[in-house]
Amino acid sequence: MTVYVDEIRSYPKQWCHMWCDGDLDELHAMADKIGLKRSWFQTKNVHFLHYDLVPSKRALALKHGAEFMPLKDWIMRIKPCTK
């Protein structure tokens, strides 16, 4: 299973997404490692389950093993996390 981050966006501030291609436990474990609150997990009115990250948290996620994937590539083969 892999945790992914996409490219940084600048609207209205800089941020990106973090998601997984497997079990949500792996995604939440990464969130815990990089200091995210579980309440920040995006579940409502979204196309896929994810966390939003600021650039410093994105860097930490990459340091802890997350992989970069352009969001358009993920959308082309979307495999939502399981609960």
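The values are calculated or read from the model by the stated rules, or taken from the named source; none is laboratory data. Since the model is a prediction, treat every value here as computed from it, not as a measurement. Every residue, glycine as well, gets a Cβ built from its backbone with ideal geometry; the counts of neighbours run over all protein chains shown. Please note that ligands, DNA and RNA were not included when accessible areas were found on the heavy atoms of the full protein model with its side chains. Shrake-Rupley method; radii C 1.70, N 1.55, O 1.52, S 1.80 Å.
Brief remarks on what is shown
- At the residue level, Asp23 shows approximately 60 square angstrom of accessible surface with a 1.4 angstrom probe and all protein chains present.
- Across the chain, the volume of the C-alpha convex hull divided among the residues equals 92 Å³ per residue.
- Residues with amide H under 5 Å from that of Cys20, placed H, sequence gap 5 or more: Tyr4, Cys81
- Accessible area (Å², per residue) of the chain, counting only protein heavy atoms and a probe of 1.4 Å: 64
- Residues listed by number, region 3-24, amide nitrogen under 17 Å from Asn45 label point at 7 Å toward C-beta: 12
- The value of relative contact order for the chain, using C-alpha pairs under 8 Å at least six residues apart, is 41 percent.
- Within the accessible area of the chain (1.4 Å probe), percent carbon and sulfur: 55
- Unit charges at the beta carbon, dipole of the chain: most positive-side option, Phe48, Pro12, Gly22: Pro12
- A cut-off under 10 angstrom between Cβ atoms defines the neighbours of Leu36, and their net charge, with Lys, Arg +1 and Asp, Glu -1, is +2.
- Only Lys, Arg (+1) and Asp, Glu (-1) charged, at Cβ; the chain dipole about Cα centre in debye: 300
- From helices alone, the chain scores -8000 deg cm²/dmol at 222 nm; the rule is -39500 (n - 2.57) for each run of n ≥ 4 DSSP H residues, then divide by the residue total.
- Cβ-defined net charge surrounding Thr2, 10 Å radius [Lys, Arg +1; Asp, Glu -1]: -3
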